[in-house]
Every structure is written in structure tokens, then in C-alpha cells.
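A short write-up of the structure that comes next.
The values are calculated or read from the model by the stated rules, or taken from the named source; none is laboratory data. The structure presented is a predicted model; accordingly, all values stated were derived computationally and were not measured. Positions of Cβ are backbone-derived with ideal geometry, glycine not excepted, and every protein chain shown enters the neighbour counts. All accessible areas refer to the heavy atoms of the entire protein, side chains included, with ligands and DNA or RNA removed. Shrake-Rupley method; radii C 1.70, N 1.55, O 1.52, S 1.80 Å.
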Amino acid sequence: MTTTPAPKPAAAAGGRAGMKKELPEKFRSYKHVWVFIELERGHVHPVSWELMGEGRKLADKLGVQLAGVVLGGAGEDTRAAVQECYAYGADVAYLVESPVLADYRNEPYSRCMMELVNKFQPEILLLGATTLGRDLAGSVATTLATGLTADCTELAVDADGSLAATRPTFGGSLLCTIYTLNFRPQMATVRPRVFSMPERQEGKSGPVIEYEFKMIEDEIVTKLLQFIPDRDSNKSNLAYADVVVAGGLGLGSAENYQLVKDLAKALGAEWGGSRPLVQRGWIPADRQIGQTGKTIRPKLYIAAGISGAIQHRVGVEGADLILAINTDKNAPIMDFAHIGLITDAVRFLPALAKEVRQRIAPNTRSRLVG
């Protein structure tokens, strides 16, 4: 008599529990946390220092060093950026000065970062999710054949030392945590203002590791002929405003959106809105707040007629105080707002703006006269 063995149960599809981390031998020497310092035309993008603050936490958890990586043309601005790395928590800085790095171009920057990673072997590499950072990160990750998690809202170190990078997915309806288990470096980009700015520490210094980049201009296909600043860009200062007033579809019409601007003007605040308003042409794209727009961390955020879906939430939950004005007491925004007003924003905003003008204007005039 023969018996047929019972079939083995099928492995569950997906899920990290079913995956085994077996880091190849060639990656086991990769250590330390790196932050790419975005230096462009003499100015460091603030997101670099925000990432240094978060990188410090990751490095401390892993028991490794935090490094700032500065690429640029030779000069005082490049050297000054290196020194600033220590003020924001770096243990060491990597410096590459070369004429071909004076202005950002993908080809030399990508090759330089690839050479640095292959030589010094960081286990984590963080970049800002800016126009420049996204371009560089994608190119470097592809060239190194490693994983890249884009537009992260949270970074952490798992129990086994892996980078846990969380980001919205499925159109912003869910948050997922992504791991790069078997490749190094583990790469992630983070948008400006997702993390708070760390406290600057004066007087700190540390070692600077200089690397000679031998690429020459003749090897680069792309040429910079002229730099023309975009006069229409960065008109809004949403990401770094102390007070922001925003509107959503609950306002009912494009005409009613003017009430948001009126209140913002009375408060001396910036104004913005949710994605549906951009899609309908009520506000320009650079005024959009949320996962696919601007991330903000104001002291006060006033949301009028905004339901507060998760893609909006991840863009505003860093605010110190969130005041939500909505007729729907069950709107998602009421779950994370500090203060919720169940009322019609179209009726409430003019009254609030009038009260603000009466209370603020006399004081302002007194200060100006005095």
C-alpha cells in the first residue's frame, strides 16, 4: 500500500515575514549613514539639514557615524557647507571639489556619488526629494542596482538593523514601509519639511575626507551654456511659513476661495489648498499642500472645507496647531486636527478675517509709529 504525502501549504504571498535577509558578503562591510548635502549656486537647501537631524537618530540607533557628503566647485561656499555639516550633527564630512561639479549635471554627479559609495561603502544614503535630489537619487540607485524609497514620511531602524522607510502608496490611501533587505546602500529621499530642522550647534568640527574626482569636462555630454533663474518659481513660501491658511472643495466655488486669501492677508500668512483645487484650476500647482504638493510645518494651520484624506494629512501633520473648519464632524481631518469647528467655512472665514483685522491692525500701526 502506498500513501501520498499531504501537500505542503503554499507560502503566503508577500509580507516581509516570508523573506529571509541574507546580505551578500560583499555588502557586509557597508557601515554608516550618509546625507547628501544639496549645494547649488552657493546655497545649501534646508532639506539637507533636516535630513542631518533624522540621520543623526538613525546613526545613533545603529551605533555608526553620520556623514555629510558635499560635492561642488572649489571655493569658499563649498568649504562652508562642509563646516555646516558639523553644526547639524555630522561626525565626518566627505568633500569633492571639481570644476565639473560647479553646477549640477546628472552625469558627473552620478558618477562621483557612485565612486564615493563604492570606495567608502555607506549602509544608508539619504537625499532630499527636491528636483535635483530626485534626479540624482534615481540615477545613483539605478547605477548601483540598489533599492530606493522615494518621498518618505518616516524613517526608522528595524530590530535587525534594516532601514524601515515609510511612504504613502495606492494614491495616498495607505502608508507602506519598504525595506532594502539584500542590497546596499539603502537609499531614501525625503521632501522638505517632513522632518523638523535640528538645533544648530556652534563650534563643532570634525575630520574631512577629501576625494579626488578625475572626470574631465570632455567626458560629459551635457554642457551648461547659461543659467537663467525661473522668475515664476518659489513665489509661495508654504514650506517655511509660520502661518498657513488653506481651502478645499468644501468652499463650494472658485469665487469663495478668495475668502482664504483674505484671511491669509489679514494674518500675514501664506495660502494654499488641497489637490482637487489644483485639478479644477482654482489655485496654481505651487500652492498645493499634501503628499503630491508641499509639506508644511507651520505654527498655525487653518484648513477650511478640507476633508483631510491621508495624502493631505502627511503634508500637514507636522504643524504645531491645526484648526479645521468643516460642516462634517466625521471628516477625516477631525481625527488629527487640534481644534475642530463644525460650521460653514464660507460664513465663518469672513467673520474671522474681520476679527483678525480689528485685533491686529491697531497693534501693528502702534508698533510702526513707535
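Before moving on, here are some points about what is shown:
- Most mobile of Pro284, Pro229, Pro350 in a GNM of the chain (Cα contacts under 10 Å): Pro229
- Stretchable slack from Phe348 to Lys265, in nm (0.36 nm times residue separation minus alpha-carbon distance): 28.3 nm
- Within the chain, the ratio Rg/Rh, alpha carbon atoms throughout and Rh by Kirkwood, equals 1.05.
- Take every Cα pair under 8 Å whose residues are at least 6 apart in sequence, average their separation, divide by the length of the chain, and the relative contact order is 13 percent.
- Rg and Dmax of the stretch 235-369, Cα atoms only, in Å: 14.1, 47
- Counted by Cβ distance under 11 Å from Ile306, the other residues give a net charge of +1, where Lys and Arg count +1 and Asp and Glu count -1.
- Ordered from longest to shortest, the equivalent ellipsoid semi-axes for the stretch 26-219 are 24, 19, 17 Å, each the square root of 5 times a Cα gyration tensor eigenvalue.
- Contour minus Cα-Cα distance for Arg41 and Glu255 (0.36 nm per residue): 73.0 nm
- The Asp242 and Lys26 beta-carbon pair, evaluated with R₀ = 56 Å, returns a calculated FRET efficiency of approximately 0.70.
- Rounded, prolate or oblate (a/c below 1.5 giving rounded, otherwise prolate when a/b exceeds b/c) for the stretch 246-288 by Cα gyration tensor: oblate
- Here's the picture: a label point sits 7 Å out from the Cα of Thr292 along the beta-carbon direction, and within the stretch 257-275 the residues with their amide nitrogen under 11 Å of it are 275.
- Folded to 0 to 90 degrees: helix 46-62 orientation relative to the chain principal axis, Cα: 50
- Around Arg297: net Lys/Arg minus Asp/Glu count, Cβ-Cβ under 10 Å: -2
- Filter on Lys119/Lys214; Lys26/Lys61; Lys31/Lys119 - keep pairs with C-alpha separation over 19 Å: Lys26/Lys61
- Comparing mean-square fluctuations of Glu50, Glu270, Glu199 from a GNM of the chain with C-alpha springs under 10 Å, the top value falls on Glu199.
- Here the stretch 74-97 is scanned for amide nitrogen atoms under 19 Å from the site 7 Å beyond the Cα of Gln201 along Cα-to-Cβ, giving 81-94.
- Gaussian network model of the chain, Cα within-10 Å springs - most flexible of Gln358, Gln83, Gln288: Gln358
- Considering the stretch 268-346 at the alpha-carbon level, its Rg and Dmax are found to be 11.6, 30 Å.
- Solvent-accessible area of Asp91, all protein chains in place: 60 Å² (probe radius 1.4 Å, heavy atoms, ligands and nucleic acids excluded).
- Of all aspartates and glutamates in the structure, those lying under 19 Å Cα to Cα from Lys223, and not within fewer than 8 positions of it along the same chain, are Glu40, Glu97, Asp103, Glu107, Asp135.
- Rounded FRET efficiency, nearest 0.05, which uses the C-beta distance separating Asn118 from Phe227 and R0 of 25 Å: 0.20
- Each peptide among 309-315, 76-82 gets the average number of other Cβ atoms lying within 10 Å of its residues, and from highest to lowest they stand as 309-315, 76-82.
- Each residue of the stretch 118-132 is assigned a 3J(HN,Hα), and the resulting list reads 5, 7, 9, 6, x, 8, 9, 10, 10, 9, x, 8, 9, 4, 5 Hz, derived from the Karplus form 6.51 cos²θ - 1.76 cosθ + 1.60 (θ = phi - 60°), x at Gly and Pro.
- Dipole of the chain, positive end: most advanced residue of Gly161, Ile322, Trp271 [Cβ charges, Cα centre]: Ile322
- Computed with a 1.4 Å probe over protein heavy atoms only, the accessible area of His32 comes to about 60 Å².
- Only Lys, Arg (+1) and Asp, Glu (-1) charged, at Cβ; the stretch 172-294 dipole about Cα centre in debye: 460
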